[in-house]
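Here's the structure, in structure tokens; my notes come after.
The values are calculated or read from the model by the stated rules, or taken from the named source; none is laboratory data. Values in this document were obtained by computation on a predicted structure and should not be read as measured data. Methodologically, a virtual Cβ is constructed for each residue, glycine included, from the backbone with ideal geometry; neighbour enumeration extends over all protein chains shown.
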Amino acid sequence: MFYSLKRLAFTIPLMLLISFLAFELLHVAPGGPFDKERAPASPEIKRVLEAKFHLNESIGKQYLRYLGLLWEKTPDGKWRRVDGGLIAGDFGPSMKYRNHTVNDIISQGLPVSMALGALAFCFAVGLGIPLGVFAAIRKGDWQDYAVSLLALLAICIPALVIGPMLIMHFAIQWRWFPVALWGSVWHAVLPTLTLGLYFAGKISRLMREGMLTTLHAEFITTARAKGLSETAVMLKHALRLAVLPVVSYSGPLLADLLTGSFVVENIFQIPGIGVFLVNGTLNRDYTMVVGLVVLYALLLLGLNLVVDLAYSLLDPRVRYE
Amino acid sequence: MSFGLLEITDRVDGVDQLSGPQFLPAKQILWLLAVVAILASAGCTHPQPGADLVIINGAEPESLDPAVLTGEADGRVALELFAGLTRYDPSDARPIPDLAESWDLTADGKVYTFHLRTNLVWSTGEPITADDFVYSWLRVLNRSNAAEYAGQLFYLKNGEAYNAGQIKDPSQVGVMALDHHTLRVELIHPTAFFLDLCTYVTLRIVPRQAIERNGDRWLMIQPVPCSGPYELAAWRVNDRIRLRKNPRYWDAANTKSEIVDLLPCTSANTALNLYETGVADVVWDKNLVPVELLDVLLKRPDFHSFSYLGTYFIRFNVTRKPFGDPRVRQALALVIDKRRIVEKITKGGERAASSYTPPWIHGYSPPDGLGFDPELARKLLAQGGFPDGKGFPSFEYLCDTTSRLHEQIAIELQDMWRRELGLHARIRKLEWKTYLRAQGELDYDLSRSSWIGDYNDPNTFLDMFMSNNGNNRTGWSEARYDALVRDANAQVDHEQRARLLQQAEILLVREEAPIVPLYYYAGLEYYDTNRIKGIFPNVLSQNPIRSIYKVSAQPRASNPKSEGSAARETHFADGQLTTDN
């Protein structure tokens, strides 16, 4: 418990640092959100527009305003905190999508990205673990080599290639699944495969190694010696320890799932938030990009914490104080 | 549970409400797996109610607010939601009566009196009156709203002064409601294209009460009162916009499709795939055709290429030596083989341009600009002080990275200048926003450029090169040009006006040549004319959705297996039908 609190306390300075860097770096890039191919009717209009989004202020002031830590003097001479800001959970208005706030866009896109990530995670774990175990049991057999080869292929071929190939065959040639978009279980199949294959490959490799190491451990010999069936030895004793490398990989895995979903969302035209991070940068949509960076950072820190806690549950040797 | 999958809710619930669980930090991964599996299986089975028509519309709209939006894809949607005095004729995009039934124009061409129909109501039931126009137009002009397209109303008396804050009293602006159904509009000059402007999206009427109540998010809070043939049923960013027929629109009887889905898409390959598999009925953004497949696709009967009101051109930065000399600019222009560019690179039915204004513009025939004449070019370059290109500094050609086309054209130009004149051009590729900033700050020698006309009149092309115009971006300032354009726009007589504009354009593309037009755009739309009716390609690429419908519209199923239109053959090898990215 104390450990979790300590970890949570640590996130605050980290988030400040991350958001500050994102904010500064984005503002340093040339061009702004309101530079367009067509100039506004007068230069004055652009100035008003920039003032509306406070782009005319110093970067420091803008950053404080973004955080919600800016106090301004009201006409009656009192100092008052400017409403909104990150501390109030308000990511501000989007500078590109002018009818939406960043909160609107996140609340629409995040569940979709999450669903895709979760499905790919299930797929990767659901395929990777059994295959890894299978390969470990058949170590040295042709089955072991076949699984290893497939895993290697899955790791080596990027989503950029797998996605279009899956579309070509399953969506266009055979018409089993939709070519793009999101909306039904059918739409989720190809993106899940595209995103999950790489991780399934990695997990099966990790699982195989974990299993092989564990099977040589003394407590397995003991378990066999006391007459347990081979299935019970595998499932009740070996698996629990062998899965640890996979669990500790889950942290980076979840991070990779999030970043990997940028590409997959693009290939399949999925309305998640990955697309907004990439396009937001190109559009200089400052609030959107900083908001998403903060969100991703929070997610990653949170997920890592969950993974660490899960680790302690599985491995009796690990306890956090 | 909807689990974040697409779900278009009933209008009372909000435009884009989405119910879905947050990521549950389960204690064990196995738990997580179980939860996810259950949710996924439960959430994915929502059948999506079908639309009568599905259109791929291009980029996700930045806004649907007529006073805010600037993009073409944005405009196409907003035009359906918000009506104006006039609307586009589906067949040729000329203005025809919409909310205004008729109008009178005084003999000096400066005062319009519009007579509104008497049966007009918003989609929410309130009456539409002339005051709605006054409100909506002043809203565009009000400086604090920072409407980038406020210039469309600078033709009104005191419009520009009100926008600049020199006049504070809105009643001095030349738009006034004489009574509920009569609108008086006073212009500075007789403005030949004023009815075209009335049709344009910026001048459409918006609901005052909803805007005053809900501020910038007024389009996100249902119900959005709409004045046009459709109302906004749902808007999920990057997913889809759903339009539902507005039964209270005065001409609702002629709105052909009940429910229309507009999909945002910027990948040409994905758009083509969606079309080929029967998910989308119409694709109508010119960027949504894979360039690599143009040769094949253009031969198909469902691909429709048409002349479009846009020009691809090169800007010279005349403030930089040696491009301040018109002879040098002419020389560089004269060695460009424009035919080669449209035949070898763009290949989409574009036409080599001689003038800046496309020849298919309404009521105007543009003058001939500079052709292909390397002999003359070398002579002019020598006169400019660079015989055989000797002593000519190496220079930069600026282009952006939004399309590979720009670089291919740049390489071609680079080669033409080297071969014919012995000049050395470097290509400077910049990411879009950086490129815009460089062009705006005149931080370039030559820059690739393009312009799409807003309305069907030469002014939309020619006024931008007046000295004080923010879109000039060449540093070229020519008093004769300014005077000609200004004079022309003060004429009541159309022929006299056209003559003056021609003289101005001669300065622009021949005598002074601060720009070199390369080609006129071709638009490209694809839809099967046997199934989709009511689309008529036109120079503005304005296809009112209200007149489009699918023949024997059948309910669409969400299961792709039933959608897989086996009837429609894929006309080329599968290997070509992949997505990019």
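Observations on the structure shown:
- Reported count of residues in the stretch B:311-332, each being under 23 Å from B:GLY453 (Cα atoms) and of a type outside the set (S, T, N, Q), is 5.
- Qualifying residue in the stretch B:115-131 (condition: crowded, with 23+ Cβ neighbours inside 10 Å, within 29 Å of B:HIS362 (Cα to Cα) and either within 14 Å of another protein chain (Cβ to nearest Cβ) or in contact with a Leu (Cβ under 6 Å, 6 or more places away or on another chain) (or both)): yes
- Search result, residues across the stretch A:82-109 that are buried (at least 22 other Cβ atoms within 10 Å of the Cβ) and assigned to a helix (DSSP H, G or I): A:VAL102, A:ILE105, A:GLN108, A:GLY109
- A:VAL318 away from chain B (no Cβ under 11 Å), outside any helix (DSSP H, G or I), aliphatic (A, V, I, L, M) and over 14 Å from the mean Cα position of the chain (by Cα): yes
For every residue, the table says whether it meets (1) in contact with a Phe, Trp or Tyr (Cβ under 6 Å, 6 or more places away or on another chain); (2) surrounded by fewer than 16 Cβ atoms within 10 Å (Cβ to Cβ); (3) on the phi > 0 side of the Ramachandran plot.
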{"site": "B:PHE461", "(1), (2), (3)": "yes, no, no"}
{"site": "B:VAL492", "(1), (2), (3)": "no, yes, no"}
{"site": "B:LEU500", "(1), (2), (3)": "no, no, no"}
{"site": "B:GLN542", "(1), (2), (3)": "yes, no, no"}
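- Any hit, the stretch B:407-423, residues being over 26 Å from the mean Cα position of the chain (by Cα) and either closer than 30 Å to B:ASP89 by Cβ or not in a helix (DSSP H, G or I) (or both): yes
- Residue within the stretch A:252-266 that is out of contact with any Leu (no Cβ under 9 Å at 6 or more places or on another chain), surrounded by 14 or more Cβ atoms within 10 Å (Cβ to Cβ) and polar (S, T, N, Q) present: yes
- Lone qualifier among B:TYR444, B:TYR455 - being in a loop (DSSP other than H, G, I, E, B), within 14 Å of chain A (Cβ to nearest Cβ), farther than 20 Å from A:ALA41 by Cα and not β-branched (Val, Ile, Thr): B:TYR444
- If you check B:GLN172, B:GLN209 for being away from every other protein chain (no Cβ under 13 Å) and more than 29 Å from B:ASP457 (Cα to Cα), only one passes: B:GLN209.
- Residue within the stretch A:96-112 that is away from chain B (no Cβ under 14 Å) and either among the aromatic types (Phe, Trp, Tyr) or out of contact with any strand residue (DSSP E or B) (no Cβ under 7 Å at 6 or more places or on another chain) (or both) present: no
- Scope the stretch B:65-105; condition over 15 Å from the mean Cα position of the chain (by Cα) and assigned to a loop (DSSP other than H, G, I, E, B); matching residues: B:PHE82, B:ALA83, B:GLY84, B:LEU85, B:ASP89, B:PRO90, B:SER91, B:ASP92, B:ARG94, B:ASP98, B:LEU99
Here's the yes/no breakdown for (1) touching a Leu at 6+ places or on another chain (Cβ under 6 Å); (2) among the β-branched types (Val, Ile, Thr); (3) in a strand (DSSP E or B):
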{"residue": "B:ILE167", "(1), (2), (3)": "no, yes, no"}
{"residue": "B:SER171", "(1), (2), (3)": "no, no, no"}
{"residue": "B:LEU178", "(1), (2), (3)": "no, no, yes"}
{"residue": "B:ARG184", "(1), (2), (3)": "yes, no, yes"}
{"residue": "B:HIS189", "(1), (2), (3)": "no, no, no"}
{"residue": "B:ALA192", "(1), (2), (3)": "no, no, no"}
{"residue": "B:LEU195", "(1), (2), (3)": "no, no, no"}
{"residue": "B:CYS198", "(1), (2), (3)": "yes, no, no"}
{"residue": "B:THR202", "(1), (2), (3)": "no, yes, no"}
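- If only residues of the stretch B:247-271 that are touching a Ser or Thr at 6+ places or on another chain (Cβ under 9 Å) and farther than 18 Å from B:ASN543 by Cβ are counted, the one that is nearest to the other protein chains (Cβ to nearest Cβ) is B:THR270.
- Residue within the stretch A:151-172 that is part of a loop (DSSP other than H, G, I, E, B), modelled with pLDDT under 90 and not hydroxyl-bearing (Ser, Thr, Tyr) present: no
- The residues of the stretch A:72-94 that are under 24 Å from the mean Cα position of the chain (by Cα), more than 7 Å from chain B (Cβ to nearest Cβ) and of a type outside the set (Val, Ile, Thr), listed by number, are A:GLY85, A:LEU86, A:ALA88, A:GLY89, A:ASP90, A:PHE91, A:GLY92, A:SER94.
- Cβ-Cβ under 7 Å pairs, at least 6 apart or on other chains, the stretch B:411-427 side under 16 Å from B:ASP400 (Cβ atoms), far side of a type in the set (D, E, K, R): B:ARG426/B:GLU396; B:ILE427/B:GLU407
- Across the stretch B:246-278, the number of residues qualifying as surrounded by fewer than 20 Cβ atoms within 10 Å (Cβ to Cβ) and assigned to a strand (DSSP E or B) comes to 1.
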